[in-house]
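The block underneath contains the structure these notes are about, expressed in structure tokens.
None of the figures in this text is laboratory data; all of them are computed from the coordinates on show. Quick caveat: nothing in here was measured; it's all calculated off a predicted structure. Cβ placement follows ideal geometry from the backbone for every residue including glycine, while neighbour counts extend to all protein chains displayed.
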Amino acid sequence: MSKKVSVWTDIRFWQRSAAWVTGFAAMLLIWLTFDSMGQIAMGTDNDLQNGVTKRVPSPSVINYKITYEMSDKRGHEVPVIGGKETFFGRDDYSEEEARALLNLGKLGVQAKNCMNCHTLLGNGAYYAPDLTKAWLDPMWDGYMARLGKDTKEEAMAEFLQFPSENPSHGRMMPNLGITAEEAKGIVAFLKHMSSIDTNGFPRNFSKMQGAIHGK
Ligand code: HEC
């Protein structure tokens, strides 16, 4: 005759519970991993043409106008991809061409170690402005007039090549020997980055930069 014991004091109950909880958590993590991969997978040119919203759009997003708009539902700003817009005179970069340009920019950013002073997608330093949404900085409107350029991309490329001749802040960016071609790639890289849905980070970008809205 075995003595009746409470289930709570039964060691096998706890062993089985531990195994089930571990198993369930493992399955949940595997599912979440695949879900995240799906969320952050880069979109395609077709997505852009069909108005399919992706967190990370195709590199060919450089063919489109990007604005930063308040989403009341989400409580922060989100990049909105609008109609076609020329980028250095063209709005028909293929996915391959745009990707090549972005790669050139990315290599430039790595070679010149921009992250030593700036932050990109949360990584880097806080000495200089966060570059994640730099393309959307209303400051470039002023720079277009100041540098006598017709487009934002040209003004940005000019600034990148000769930053110390064109300062805007008290802190000055040094000339890093960036060539015109590299500058074009870096601007493409930064334009694409600004189109990434970063859940509103960097926080309060528009307020920090002096109001994109109603400017
Ligand atoms: C030694 C530090 C330093 C490095 C390295 C550096 N920057 Fe800067 N950058 C600055 C400072 C300081 C400013 C603000 C100066 C100004 O606006 O006149 C600035 C401003 C900028 C701006 C304007 C941002 C805005 O919205 O106001 C851009 C774009 C930029 N840098 C891009 C780059 C890129 C791309 C690289 C790498 C190729 C780079 N910087 C490397 C210090 C640096």
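The residue list HIS192, PHE162, ALA19 was ranked by how far each Cα lies along the charge dipole of the chain toward its positive end, using unit charges on Cβ atoms, and ALA19 comes out on top. Bridgeable aspartates and glutamates around LYS191 (alpha carbons under 13 Å apart, same-chain partners fewer than 8 residues away excluded): GLU85, ASP137, GLU153, GLU154.
Shown here are the Rg and Dmax of the Cα trace of the range 145-193, at 10.6, 28 Å. Value of Rg to Rh for the range 99-150, rounded to two decimals, is 1.04; Kirkwood radius and Rg both from alpha-carbon coordinates.
Taken as entire DSSP H runs, the helices of the chain that both span 30 Å or more between Cα atoms along their own long axis and average -0.5 or more on the Kyte-Doolittle scale are 11-40. Here the simple spin-label model places points 7 Å from the Cα toward Cβ, and for TRP20 and GLN49 these points are separated by 5.2 nm.
Among rounded, prolate and oblate, which fits the range 6-71 when a ≥ b ≥ c are the square roots of the eigenvalues of its C-alpha gyration tensor, a/c under 1.5 means rounded, and a/b larger than b/c means prolate? Intermediate results must be reported in sequence, preceding the final value.
Working: a/c = 6.83, a/b = 3.93, b/c = 1.74.
Prolate, since a/c reaches 1.5 and a/b exceeds b/c.
Based on DSSP H segments of at least four residues, each scored -39500 (n - 2.57), the chain has a per-residue ellipticity at 222 nm of -13500 deg cm²/dmol.
Translational diffusion of the chain, estimated by Stokes-Einstein from the Kirkwood radius over alpha carbon pairs at 25 °C in a medium of 0.890 mPa s, is 124 µm² per second. Put one equal scatterer on each alpha carbon of the range 47-163, apply the Debye formula with no solvent term, and list log10 I(q)/I(0) at q = 0.10 1/Å to two decimals. Results for the range 47-163 at q = 0.10 Å⁻¹ read -0.34.
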